[in-house]
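Below is one structure, written out as structure tokens; comments come after it.
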Amino acid sequence: MPRYIVQRTFIDGLTIPATPEGAQVCSVIGQGNSQFGVNWLHSYVSKDKTATFCVCDAPSPDAVRQAAKASDLPVDEITEVTVLDPYFYH
């Protein structure tokens with residue numbers, strides 16, 4: 001399955017607390033993604049919390065967009081990626 005980096009902008013900043021409530025928010029997003037075949041692996045969050053770079057496996061960019069729309073999440077850019085592992089060269 002293809003892997004994507006999904007760039008998102010949160011003008012007011014992303015606020016998901018490290019609490020059970022925050023975990024529940026993430027769980028709901030993950031469950032919603034599965035309806036579209038999207039598997040959210042993890043995200044990188046900018047220091048100011050206005051941008052995220054989410055790594056996910058999905059059948060297509062359109063599936064990523066549909067899952068984001070269902071969860072009311074922004075999508076700025078979707079880039080298909082492959083892994084470059086520096087240890088491969090040793």
Options PHE53, PHE36; residue that is among the hydrophobic types (A, V, I, L, M, F, W, C) and touching a strand residue (DSSP E or B) at 6+ places or on another chain (Cβ under 7 Å): PHE53
Identity of the residue in the stretch 47-90, polar (S, T, N, Q) and closer than 10 Å to ARG8 by Cβ, that ends up surrounded by the most Cβ atoms within 10 Å (Cβ to Cβ): THR52
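What residue, among those in the stretch 6-24 that are of a type in the set (D, E, K, R) and more than 15 Å from the chain's Cα centre (by Cα), is farthest from LYS69 (Cα to Cα)?
Per the stated criteria, the residue is GLU21.
Please determine whether any residue of the stretch 21-28 is of a type in the set (Ser, Thr, Tyr), in a helix (DSSP H, G or I) and surrounded by fewer than 14 Cβ atoms within 10 Å (Cβ to Cβ).
Scanning the stretch 21-28, I find at least one residue that is of a type in the set (Ser, Thr, Tyr), in a helix (DSSP H, G or I) and surrounded by fewer than 14 Cβ atoms within 10 Å (Cβ to Cβ), so the answer is yes.
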Condition check for GLY32: in contact (Cβ under 8 Å) with a residue 24 or more places away in the chain, at positive phi and either in a helix (DSSP H, G or I) or surrounded by 15 or more Cβ atoms within 10 Å (Cβ to Cβ) (or both): no
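Throughout, read-outs are computed from the coordinates displayed, never taken from laboratory work. Since this is a predicted model, take the numbers as computed values, not measurements. So basically every Cβ, Gly included, is an ideal-geometry build from the backbone, and we count neighbours across all protein chains shown.
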